[in-house]
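One structure coming up, written as structure tokens, with questions to follow.
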Ligand code: PBG
Ligand code: ZN
């Protein structure tokens with residue numbers, strides 16, 4: 001085996017290598033901010049005011065990033081998440097300005113209610129026989145409206161992250177009915193109830209006020225349920241599936257890859273924060289760990305890598321050339 005690893009031979013036999021077109025950069029747009037605000041638990045990440053969306057997107061474009069995933073922090077929250085489908089809402093405005101100034105950038109929007117509800121859950125909540133919980137079918141209508149308003153603003157891809165049953169089918173029908181047949185759905189099809197979303201909830205101001213998300217997200221130990229979630233979304237018309245978080249769930253990713261359509265993996269805020277924190281302490285080498293983590297996520301089966309390191313990786317790939 002070591003003949004194959006001779007330094008001069010190594011580059012010829014590299015199986016997996018990262019490419020800029022694998023990367024999707026998440027962006028937080030904050031309607032309450034007048035200038036960019038650092039996110040303390042995610043060093044190097046910011047909440048941008050809507051008017052900065054286009055310059056940030058242009059900078060990413062110039063660095064070779066071809067897709068962004070938008071999250072919004074709205075001024076107003078209520079029980080129905082009405083600011084999430086306001087035609088002049090924070091994400092809608094950001095989509096329009098990015099598509100206006102960098103039209104080739106693929107704009108993906110997160111379709112969920114948790115940043116827009118006062119209770120912080122991912123849809124409409126109400127009484128059930130097991131206490132207060134996320135209501136499935138009443139929440140679907142909200143997701144349809146959010147997806148339609150994003151598509152109407154020019155989004156190329158909508159990405160429902162609420163883990164409601166039937167949400168992909170519901171959004172697909174709504175999009176087709178309104179003439180958005182060409183808008184893709186990237187479903188957060190297999191989303192675990194993970195402890196790694198903590199920094200994101202600070203970043204997007206989307207923490208819940210009671211209970212938890214275990215009645216809609218998958219338990220980290222459940223393999224068949226995790227795979228079934230993606231199979232159902234494929235059946236309902238998803239164009240791209242997703243596994244989230246990424247690094248702890250490579251076995252799931254490898255299985256979902258076999259379903260036949262493209263798969264995205266989301267290296268989430270807690271994965272970012274862990275690498276950043278250890279690197280800041282000088283305990284690991286940031287660049288090497290980031291590249292290793294993403295290479296292994298790709299090796300396990302991801303076609304797309306959603307990562308807060310996207311901009312850094314693009315820079316490192318340039319250095320290599
Ligand atoms: C909202 C949403 C979450 C993330 C993406 N979309 C958080 C959650 O489910 O609480 C997490 C992303 C991250 O941690 O980087 N549904
Ligand atoms: Zn949510």
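Please treat every number below as a calculation from the coordinates, not as lab data. Remember, predicted model here, so these are calculated numbers, not experimental data. Here the Cβ is made from the backbone with ideal geometry for all residues, glycine too, and neighbour counts use every protein chain on show.
Is segment 47-179 best put as rounded, prolate or oblate by its Cα gyration tensor, with a ≥ b ≥ c the root eigenvalues, rounded for a/c under 1.5, and otherwise prolate when a/b is larger than b/c, oblate when not?
Judged from the Cα gyration tensor, segment 47-179 comes out prolate (a/c at least 1.5, a/b above b/c).
Ranking 184, 13 by Cβ neighbours within 10 Å, fewest first, what do you get?
13, 184
Contact order normalised by length for the chain, with contacts defined as Cα pairs under 8 Å and 6 or more residues apart; what percent is it?
18
So what is the relative contact order of segment 115-244, in percent, for Cα pairs below 8 Å that sit 6 or more residues apart?
Relative contact order for segment 115-244 comes out at 29 percent.
Give the percent of DSSP beta bridges with both residues in segment 95-210 that are antiparallel, rounded to the nearest 5.
On the way: 4 of 10 bridges.
About 40 percent, rounded to the nearest 5.
If I take R0 = 22 Å and measure r between the Cβ atoms of residue 128 and residue 225 in this structure, what FRET efficiency does the formula 1/(1 + (r/R0)^6) give, to the nearest 0.05?
Calculated value: 0.65.
Still on this structure: Among rounded, prolate and oblate, which fits the chain when a ≥ b ≥ c are the square roots of the eigenvalues of its C-alpha gyration tensor, a/c under 1.5 means rounded, and a/b larger than b/c means prolate?
In terms of gyration-tensor shape, prolate.
Next up: Nearest 5 is fine: what % of DSSP beta bridges in the chain come out antiparallel, could you say?
15
Let me ask something additional. Among 239, 22, rank each residue by its count of other Cβ atoms within 10 Å, from fewest to most, as a rough exposure measure.
With the fewest neighbours first, 239, 22 line up as 239, 22.
Could you tell me the distance between the Cα centroids of segment 252-271 and segment 1-59, to the nearest Å?
Each part's Cα centre sits 17 Å from the other's.
Would you mind checking the tilt of helix 53-63 against the longest principal axis of the Cα atoms of the chain, expressed as 0 to 90 degrees and rounded to 10?
20
What angle do you read, to the nearest 10 degrees and between 0 and 90, between the alpha-carbon axis of helix 136-153 and the longest principal axis of the chain?
With both axes taken from Cα atoms, the answer is about 70 degrees.
I'd like to compare 167-177, 185-195, 218-228: which one has the highest average count of other Cβ atoms within 10 Å, and what's the full order after that?
Answer by packing, highest mean first, reads 185-195, 167-177, 218-228.
Another question, then. May I ask for the angle, rounded to the nearest 10°, between helix 269-280 and the longest principal axis of the chain, with both axes built from Cα atoms and the value confined to 0 to 90°?
Approximately 40 degrees, to the nearest ten.
Helix-derived [θ] at 222 nm for the chain: sum -39500 (n - 2.57) over DSSP H runs of at least 4, divide by residue count, nearest 500?
About -11500 deg cm²/dmol.
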